[in-house]
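The values are calculated or read from the model by the stated rules, or taken from the named source; none is laboratory data. Just so we're clear, the structure is a prediction, and the values are computed from it rather than from any experiment. Cβ atoms come from the backbone with ideal geometry, glycine included; neighbour counts cover every protein chain shown.
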Amino acid sequence: MRRLVFALICALLVAAAYANSLASPLHFDDFHSIQDNIWLKSFEHLGAYFTDVRVFSPLAENRAYRPILLIGLAFSHAIGGGAMWGYHLITLLLHALGAYVVGRLTVRLLVSAGHEERSAIV
């Protein structure tokens, strides 16, 4: 129960810290890879994300094979209806998940190396 409360407090602090970023505008490569990318507007093109680099960007010089990113961007578009908060929210959640995974992996590696697992949160 204490871990759950701790996790909720952490989530609330992160939400408070990043709440103003959800309305931030596009920058750098977001214009061609998100705003001008018609392939992200629907999940109907999901298969093409894995087979065609042209779906990454309308600009030929910026095309890349990044199907997982495209799935995330399409999901963000679906969540937010194309509004910027959808893209920023999904990115924030994925970063939080990545931090959690790295933390858990670090604990496992330290325990397997002979260190004792302990926590201030019981």
Being within 22 Å of LEU92 (Cβ to Cβ) and aliphatic (A, V, I, L, M) is the filter; apply it to the stretch 23-53 and report the residue that is modelled with the lowest pLDDT.
-> LEU26
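Could you list, in sequence order, the residues of the stretch 73-108 that are of a type in the set (Lys, Arg) and at pLDDT below 85? Please lay out each step first, then the result.
Filtering the stretch 73-108 down to residues of a type in the set (Lys, Arg) leaves 104, 108.
Of everything in the stretch 73-108, just one residue is of a type in the set (Lys, Arg) and at pLDDT below 85, namely ARG104.
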Condition check for GLU117: loosely packed, with under 15 Cβ neighbours inside 10 Å and under 29 Å from SER42 (Cα atoms) = no
